[in-house]
Structure formats: structure tokens, C-alpha cells
1. Tell me, Arg128, Arg240 in order of fewest to most beta-carbon neighbours within 10 Å?
2. Which three extents, in whole angstrom, do the alpha-carbon atoms of segment 112-234 cover along their principal axes, largest first?
3. Could you tell me which of rounded, prolate or oblate describes segment 19-275, using a ≥ b ≥ c as the square roots of the eigenvalues of the alpha-carbon gyration tensor, with rounded for a/c under 1.5 and, failing that, prolate when a/b is larger than b/c and oblate otherwise?
4. Could you order the peptides 131-138, 88-95 from most to least packed, using the average number of other C-beta atoms within 10 Å per residue?
5. Which entries of Lys65/Lys237; Lys129/Lys200; Lys32/Lys131; Lys22/Lys65; Lys56/Lys127 show an alpha-carbon separation above 29 angstrom in the structure shown?
6. For a footprinting-style exposure proxy, rank Lys197, Lys129 by other Cβ within 10 Å, fewest first.
7. Quick one: which of 232-238, 199-205 comes out on top by average Cβ neighbours within 10 Å, and what's the full order, highest first?
8. Over the Cα atoms of segment 160-227, compute the convex hull volume and normalise it per residue, giving Å³.
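Read-outs: derived from the displayed coordinates by stated rules, not from any lab. In this text the structure is predicted, and so the values were computed from the model without any measurement. Neighbour counts run over all protein chains shown; Cβ positions are idealised from the backbone, glycine included.
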Amino acid sequence: MTSAAGEKHISKELEDKLYEQKLLEKLNCIEKMTVGRHDRNIFIIHPNHGMLYQYKELARLLGKKYNVYGVKARGLAPGATMPETHLQMVDEYVEEILKVQDRGPFILSGFCVGNLIAYIIAQKLEKRKHKIEYMLCLDAMHFIVDYTYRLMRMMKYLPRFIEKKFMKITVENFERALRTSKFTLKESDEAGFRRVKVEKYMDIAGQHAFSFRAGLDAPMLIPHGLESDRPGATLEKFSRLTKGKATICKVPGTHTGMLEPPNVEHLAQLLLDTLAGEKPGN
């Protein structure tokens, strides 16, 4: 038998579900990857191909306690184009995340080049005075390359007007690279062709500088695949990217295999334990 209070509770759940469905329909880049409703969200950014399929099993496991929202490339949708620059792409992701969750604390994650994008999103959110509860950087050894680290160190000492000039040059170089590669998306492009072009866009984006002037205040967890062939980065370098604590933990699998069963179960449990406040092991 359902009480009046119970009927009101069910009505509220249905109302929240319908509101979320309508909201997500209006967004270009965010997809909910879990069912049900929880109090806390995880936003995970797409890798270089722009899609979210590699996160499906991880999202299912994390969905026991969290709403998992995937951030995908806009150009995958029929008729959509990619942003004119990689900086516009990040700004769009920030705005859409804030439509789903309007204030911190935020939990952000990424994989492959998604780590780089998630890091810049975290910078922008912290600049807006939002707290980042955790940065979960999945096999981020490829993300923290010497080039990235040196650039951040250099930007730290550049006057603001020189930094703006530098970023203007990188945007121009990015646009030139797109033209040289004959990158363009047409409304008539079919799904398979779009995926190829979006991946090309992301490859070019990953080769151009974002802004690395500021570090983060957020703690960073870096699960690293035991069999990963990605180049190593030291804990010291990760630690200098944030004022929070950086922790590297080894998990089973290769760079991509860590997201596949049965390895993904170890990864999901590590993330759940860390977010629950348990000290991650090595």
C-alpha cells in the first residue's frame, strides 16, 4: 500500500527524471551513462575519438553510487560541427557541465587526451571559485609528457600580455593545421565518416597548447595500467601540477585494457574507495 507521502516521493522522482531528460536533450555534448539518481556526479571526458563507448562498463560499476555523465565530442551528432578552436571546445564543455551541476564540488575524470581536457576544465571551474573534489586521471602517463610540464612551468613566469600573445599564436597554428589537413564536417557526413574526422580533430587539438599558467587545488588520483606501454611520468611532476595530493596507483591491464573486464572491476573499486575517503594503495 502506498501512502500519500510515498505517492509524493514517487512524483518528485518522476519530476526530476523528466527534468533531466529535457535538459540532456538540449545539450550537445553530455550523455548520462547510468540509470537511477544519486546525490553525487562524476563527469568523464571522452578520449581522442570523441566517443564514450570505452567507459560503458566503468560507468555501470560506478553507477551503484554515482551519476556518471559522459562528455562526448559535439561533431558526432548528425548535422553538428566541431568548435572552431580547441579552446572553444573546452569552454562549451564547461558550460554544459554547469547546466547539469551548477556548483561544486565536482568530480572530473578523463582517459587518454581526455585527461588533458579534464585538467583544463578543472582549471576553469576553479577559476570560477568552484571546488574540485577529485581529478581521476585514468592512465594519464601520456597526458603528462615533458612538453606539457615544461610549458606549464614556462607559463608560470610569463607576463599576462605575453601569455595572451602565445595563446593567440597557438590558436592560429591550430586553425592552420585544420586547414592543412582539409578537416571539415558537413551536415551530410554519415556516422562512420564523422568519427574519423572527429578523431582527426582531436589528434590536432592534442598537439596544440592549452593554457597551463595555473595549477590546481584539487587532489589527483592517477590509476596506471600495469601493462601500459605509455611513457612514464614521475609522481614529482604530477605533484607540481596541483596543490592537492597526487597519488599514482597501479591497476591491472594495458592502456585500454584497464577499462575492459575483468580489469575494470579493480579500477572501479579503486575509484569508489578513493572517493569514499579510503587511502588508495600502490
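1. Least to most surrounded, the residues fall as Arg128, Arg240.
2. Cα extents, longest axis first: 44, 43, 29 Å.
3. rounded
4. 131-138, 88-95
5. Lys65/Lys237; Lys129/Lys200; Lys56/Lys127
6. Lys129, Lys197
7. Most protected by this proxy first, the peptides run 199-205, 232-238.
8. 169
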